[in-house]
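The values are calculated or read from the model by the stated rules, or taken from the named source; none is laboratory data. Fair warning: this is a prediction, and the values are worked out from it, not measured in the lab. Glycine also receives a Cβ, built like all others from the backbone with ideal geometry; neighbour counts cover every protein chain displayed. SASA here: full protein model, heavy atoms, side chains in, ligands and nucleic acids out. Shrake-Rupley method; radii C 1.70, N 1.55, O 1.52, S 1.80 Å.
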Protein chains: 2
Amino acid sequence: MAFTAKIAPSFLVSSHAFEQKSTTRACTQQKTKSFASNGSLLAFKQAMIPAVRASSARAAATVVAESLTFDTKIFEPETVTMAGEEEQILRGGRNLFPLLKDAWKGIKKVGVIGWGSQGPAQAKNVRDSLVDAGMDDVTVQIGLRMTSASCDEAREAGFTEESGTLGETFDVIADSDLVLLLIADAAQATLYPRILATMKPGATLGLSHGFLLGVMKNNGDDFRPDINVVLVAPKGMGPSVRRLYEQGKEVNGAGINASCGIHQDYTGNATEVALGWSVALGSPFTFLTTLEMEYRSDIYGERGILLGAVHGIVESLFRRYTRQGMSDEDAFKNTVESITGPISKIISSKGIDAVYEAIPADQKEEFMTAYCASYGPAKDILLECYEDVHSGNELKSVCMAVDRFDRFPMKKIDGTHMWKVGEEVRAKRVEDDIPLHPFTAGVYVATMIAQIDVLREKGHSFSEVCNESIIEAVDSLNPYMHARGVAFMVDNCSYTARLGSRKWAPRFDYNLDQQAYVAVDNGLKPDPEMESQFLQNPVHAAQATCASLRPTVDISVTAEGGDGVGGARDY
Amino acid sequence: MAFTAKIAPSFLVSSHAFEQKSTTRACTQQKTKSFASNGSLLAFKQAMIPAVRASSARAAATVVAESLTFDTKIFEPETVTMAGEEEQILRGGRNLFPLLKDAWKGIKKVGVIGWGSQGPAQAKNVRDSLVDAGMDDVTVQIGLRMTSASCDEAREAGFTEESGTLGETFDVIADSDLVLLLIADAAQATLYPRILATMKPGATLGLSHGFLLGVMKNNGDDFRPDINVVLVAPKGMGPSVRRLYEQGKEVNGAGINASCGIHQDYTGNATEVALGWSVALGSPFTFLTTLEMEYRSDIYGERGILLGAVHGIVESLFRRYTRQGMSDEDAFKNTVESITGPISKIISSKGIDAVYEAIPADQKEEFMTAYCASYGPAKDILLECYEDVHSGNELKSVCMAVDRFDRFPMKKIDGTHMWKVGEEVRAKRVEDDIPLHPFTAGVYVATMIAQIDVLREKGHSFSEVCNESIIEAVDSLNPYMHARGVAFMVDNCSYTARLGSRKWAPRFDYNLDQQAYVAVDNGLKPDPEMESQFLQNPVHAAQATCASLRPTVDISVTAEGGDGVGGARDY
C-alpha cells in the first residue's frame, strides 16, 4: 500500500515529462475494450488486488492512457487495464497481414541494415509476412559492407546481389523508403551523421532501440526534420524473434512482444508504418513508449534480471551450495537448471507469485528468507545501474569499450568449471526431475521484483515493465541458457547487452554474496511486511493482463542449432 | 623494447597537453643532483636496464623535467633520474621544519576542513610540525558542522572550541589563510561554490585530491582568480600518513610520499606554501604533477591494484585454491597472507622483479604461467577503468552513489566465509611461516605491472606511477589488510575509494576467473616475450630510485587500534 502510494507521484511526473519533450505525436482516438474479465488467470489475479490498492493505482492510470495513444486509422488498438492502469496496445497476429498494404502505402523498398542479432530475424520475418500479404512489389534488401563476413550468411538466407536483395550499406539506405537500422549500437553512434544524410526525404528511419537517441542527446544533435523516426523494439533477442515467428505459423499470435515509439512523424502516417512493421515481425502485442523510455528500460533490463543479474545470481549460488557440501552436479541443477526450468515455466504460465504458491509449505520460509535478504542488495545495484544508464554514463562506456575491441575484444564467459559441469548436467537432463529450489527461487524472484519496482519508480508503464523484466526473461532469454548455457544466452544479444552483462553480473554476485547470504547465515528471518508487499505487488495483476494478450507458446530452442536459433556470436 | 618505444609518443603528447592547459606555474630554476649512483640497490637496478632501452626512455625524459619544475626559493628540489627520465622532487624530513616559517609567511590560520580519512592525520601532523618549528603564532583549526559526530573525535584529539582550534566549517574557511579542504569528495562537489565564495582573497585553497577539478570541469566552472589553488596529495590513506609521521620522529624522513600540483598562483608564493604543507605532513619525497593527472591516476589506482584489484584477486584465488582441494586456512594463507606478507615485503624492500628472483627455480614456471595468463585480463579491466575515470563517468557515478546513501548506504564487505577464515588465520599467524605462493605472486605482479603500463601509456611520470601503483600498495595499504582484513584497508579510505573498490573488485575477479585461470587450466605456457618484457620493464629501475629517496621503515599497524591507525569507518 505504502509502496504504491509512494511510486505514484514520480510516475505521474515522469510520464508527463517525457511525453512533452520527446514526441511529436498527436493524441487521437482510443478504441476501448475491457480485458478485465478475459480469462480465468487474469480474473484470479485481479481479484487478489486489495480494493484500496487498486483504486490508488487507478489514480495514476489515466495519465498513461491520455499521454500515450496510437495515431492510427488502419489498425485497431485496444485499451487494456493493467493493475488498475489503462494502456493502449495493439494485438498482432497473422490475421492482420492483409492490412500491411495500406499501412505501408508508398513503401516499395525496405532496407534492413546490418546482420547481427536482430537483422537476420527481422529481415526473414518481414520477407515472409510480405509474401503472405501478397505484396510482391515490395523488396526487402539487406545492406552490408560488401567485405563483411555476414554477406555469406545473408546469401545463404536467400538475400543476394542478383535478386536485388543484398547491397552495400549506403546504397541500400539511399534507395529505401523504410530503413530498418539494425547495425550494432556503437556503429550507429559513429555512423549516424552519414546514415541520416544518405536517407531519402520522406523516408522512415526504423530503430529497434532508443540507443541512438541517447547518443545524439549526449552530442547535442537532432534528427533531420524531413524524415519519419519510429521505433519498434522486440522485447527479445533476434533469434527468439525468428523462432517464435516460425512457431506462430502454427499458433497464430505467437511471437515476441514489441514496444513502439513515434519520435518524428513527417509524413503523417508514421504510426501506420511502425505498426505495420511490428505486425510484420509477428509481435503478439505492441505497446507504446518513447525512444528515451525504451533505451533506459532496455539497457537497464539487460544488465539486470534479463542477463547480468541472472548470471551473477547463479554464479554466487553455485558457489554457496558447493561450499555447503552440495555436489557440483546438484548445485548446477539447483541454480541454473532450477531457474531456466521450473521457475521460468511457472512465471511464464502463471506469474511471479505463482512461484511462491508452488513451493511446498515447509519450504516457504526458506524462499521468503532468501527473498527478504536479496531484495535490498539487488535493488541497490539495480538503482545504480538505472541511474548510470539514465545519466548517459553507460552509453558512453559502451562506446569506449567498442573502441577498445581491437586491443581487448570480448571473450568467452563460459569456460569456467561451473559451466563445464553444466554441459554434463544438460546432457543427462530429465526435464521433469529439475528441482524447484526454494532459496534459488527466493533470490531470483526478489531480484526480478526489485527490477520491476525500480522501473515503476522511474515512471515506466506496466507493459514496458512486464516485458523488460518478466516476459523477455522467461519467454525469450532463459530458454537459451536452458538450451546451451550462459554464453548462448548472453552472446546471442547485442554488443551493448553483452558488454553490460559482463560488467554488471559480477556486481550482483558480490553484493548478494556479501550482503544477502551473509544476512541469511547470520540468522535473518523473513520480514512479514516485505512478504505482504511482494504478494500484493500490482505487477502480478499487470503480468496476468499481459499474459492474456498472447497465446502461451513455449519457445522451442534445441540443444543444437535450428533455423533462427543462431550460434553464439563471434567474439 | 617494442613496449618502451610504443609508449613514448603518447607520453610526450599527453605531458605537453596537460601542462599547457591545466597550470599557470612558471618554469624556473632547477637544482640538479644526480642520484644515479646513490645506493647499491639502485645501482644494481640501473645496471640491469639494457643500454638501448635506457636511451629510448631518455628521449622522453627531458619533457618531464622541463615541463614540471618547482618554483621555489626556499626549498631545494633535486633532479633525479628514473629509468632514464629526469624528474624534480623535494626530499622531506624533520630537518626542513625550520624552513616552514619562511614558506608559510603570512599564514596565521590553517583551517583543516573535515574529519574523514585525511583530516585527523593532516591536522595532527601539521600541528606537531608547527610546534617543532616553534611557530606558536600559527593556529590549526578544525572546521566541522557543529552537529557532526566527528566534533567529539576532534575534541578528543585536542582540537576544541575553547582553544580556538575547532569551529563551524564556513567560519573556519572565512578565517583561514590556508584552507586544507579534506571533506569527502562528493561533499566538495556540492559545496564548492559556497566554499570558494567564503574564502579570503589571497588565501590558499589546499586540496589533497584533484577530484574537485574534475567535477568543476564537468560543470564548466573555474576557480575564482584571487586565490591560490594547490594540491598536496599524500599517496596513502590518512591513518598511514599519521602512523608513519609518528614513526618519523624516530627515523627521520619516514612517511608517505606526496604529489604536489600548483594549479593557480595568485600570490606568487603558492609553491612555497604547498611544499611547506608537504614537509609539515612528513612526506619523505614530494613530486610534481597536475590536478588532472593526480585525480586520474589516483582514482584509477585505488580501483586497481591498491584496493579493488587486490580484493578481486584474493577472492578469485581463494575460490580457485579451495576448489582444487586446499583447506580454507591454507587457501587464505596462500592468497591474502602471501600478498600482504612476503610479496609486499619483497616489493617494498627490493622491487617487483625481486619477487620473481625470490621464487625457487622449480616454481618459476608456475609464477610466469600465472603472470602471462593474468596480464591481459587485468589490463583489459584496468584500461576500461582508466578511461571511465578520464571521461568523467567515474566521478559522476561517485556523486550519484553518494546521493543514494540515504537509501543504500555502503555495507560491510568482509562478512563472508573467506574473511571469517582470515580472522582465525591472523590469530594464529607466525609471520615467518607465511608462504610465498608462486601462482598468487604471478597474478598479483601481473596486475601491478599492467596498472603501471596503462599509466605510462597515458603519460604519467615514473614518480606518479611508482607511488600510485607500488609504494602506496605495499607500504600504506596492504599492511592494513595484513593487520585486520580487507575492510580495514578499504574502509579506512575515502568514499570515492570505498565505492570504487566495491565496484571494480568483482570485475577483476570475474575477468581473471573467466580468462586467466581458464587459460591456465587449458594448458597455457609462459610466453618468453612477455617474460622478457616483465624483467626489462623500466619501472624496476624507477622504483629503485624512488626507494632510494626515503628510509626503509615498515609501517607499524597493530591488530588492535593505536593512535593514528583509525578504525574502519562507519558505514
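Laid out as a table, the results:
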{"item": "Greater than 23 Å apart at Cα, pairs in A:Lys333/A:Lys411; B:Lys101/B:Lys124; A:Lys345/B:Lys411; A:Lys235/A:Lys503; B:Lys333/B:Lys364", "result": "A:Lys333/A:Lys411; A:Lys345/B:Lys411"}
{"item": "Low-density loop positions, trypsin sites (Lys or Arg not before Pro), the stretch B:204-291 - DSSP coil, at most 14 other Cβ in 10 Å", "result": "B:Lys249"}
{"item": "Accessible area (Å², 1.4 Å probe, nearest 10) - A:Asp328", "result": "50"}
{"item": "Tail fraction, Cα-Cα pairs, the stretch A:431-554, threshold 20 Å, whole percent", "result": "56"}
{"item": "Evaluated over the stretch B:162-282, the Cα radius of gyration and Dmax, each in Å", "result": "15.0, 47"}
{"item": "Shortest-first distances to equivalent copies, position A:Asn95, nm, label 7 Å out along Cβ", "result": "9.6"}
{"item": "Pairs from B:Lys379/B:Lys458; A:Lys350/A:Lys379; A:Lys109/A:Lys200 whose Cα-Cα separation, in the structure shown, is over 19 Å", "result": "A:Lys350/A:Lys379"}
{"item": "Reciprocal of mean inverse Cα separation for the stretch A:388-474 (Kirkwood radius, Å)", "result": "16.9"}
{"item": "Calculated FRET efficiency for the pair B:Glu424/A:Gln363, C-beta based, R₀ 35 Å, to 0.05", "result": "0.60"}
{"item": "Candidate aspartates and glutamates - alpha carbon under 13 Å from B:Lys217, same-chain residues fewer than 8 apart omitted", "result": "B:Glu292"}
{"item": "Beta carbon of chain B nearest to the axis of the rotation taking B to A, residue and angstrom distance", "result": "B:Pro506, 2"}
{"item": "P(r) of the stretch B:220-345 over all Cα-Cα pairs, binned every 5 Å from zero, in whole percent", "result": "2, 10, 13, 15, 15, 13, 11, 8, 6, 4, 2, 1, 0, 0"}
{"item": "Rounded to whole Hz, the Karplus (6.51, -1.76, 1.60) HN-Hα couplings of the stretch A:493-509, x for glycine and proline", "result": "9, 6, 3, 4, 5, 5, 5, x, 5, 5, 6, 9, 3, x, 5, 5, 3"}
{"item": "Label distances, nm, B:Asp171 versus same residue in remaining copies, Cβ-directed 7 Å point", "result": "8.0"}
{"item": "Ratio Rg/Rh, restricted to the stretch A:81-229 and using Cα atoms, in which Rh is the Kirkwood radius", "result": "1.00"}
{"item": "Along each principal axis, Cα extent of the stretch A:319-370, largest first, Å", "result": "32, 22, 14"}
{"item": "Order of exposure, largest accessible area first, which applies to B:Leu99, A:Leu181 with probe 1.4 Å", "result": "B:Leu99, A:Leu181"}
{"item": "For A:Ser327, inter-copy label distances in nm, listed shortest first [label point 7 Å out on the Cα-Cβ vector]", "result": "2.7"}
{"item": "Partner aspartates and glutamates for A:Lys412 [C-alpha distance under 12 Å; skip if fewer than 8 residues away on the same chain]", "result": "A:Asp491, A:Asp570, B:Asp513"}
{"item": "Total charge dipole magnitude, the stretch A:410-503, about the Cα centre, Cβ charges on Lys, Arg, Asp, Glu only, Debye to nearest 20", "result": "520"}
{"item": "Area projected by the alpha carbon convex hull of the stretch B:468-514, averaged over all directions, nm²", "result": "3.6"}
{"item": "Filtered GluC sites (Glu not before Pro), the stretch B:215-274: DSSP coil and at most 12 other beta carbons within 10 Å", "result": "B:Glu250"}
{"item": "Per residue convex hull volume, Cα atoms of the stretch A:285-327, in Å³", "result": "73"}
{"item": "Stretch gain in nm, segment B:Asn218-B:Glu153, where the contour uses 0.36 nm per residue and the Cα spacing is subtracted", "result": "19.9 nm"}
{"item": "Rg/Rh (Cα only; Kirkwood hydrodynamic radius) as it applies to the stretch B:76-161", "result": "1.10"}
{"item": "Å³ per residue enclosed by the Cα convex hull of the stretch B:286-405", "result": "157"}
{"item": "Qualifying trypsin sites (Lys or Arg not before Pro) for the stretch B:361-444 [loop in DSSP, other Cβ within 10 Å: at most 11]", "result": "B:Arg407, B:Lys428"}
{"item": "Rounded percent of accessible protein surface that carbon and sulfur make up, the stretch A:353-429, 1.4 Å probe", "result": "50"}
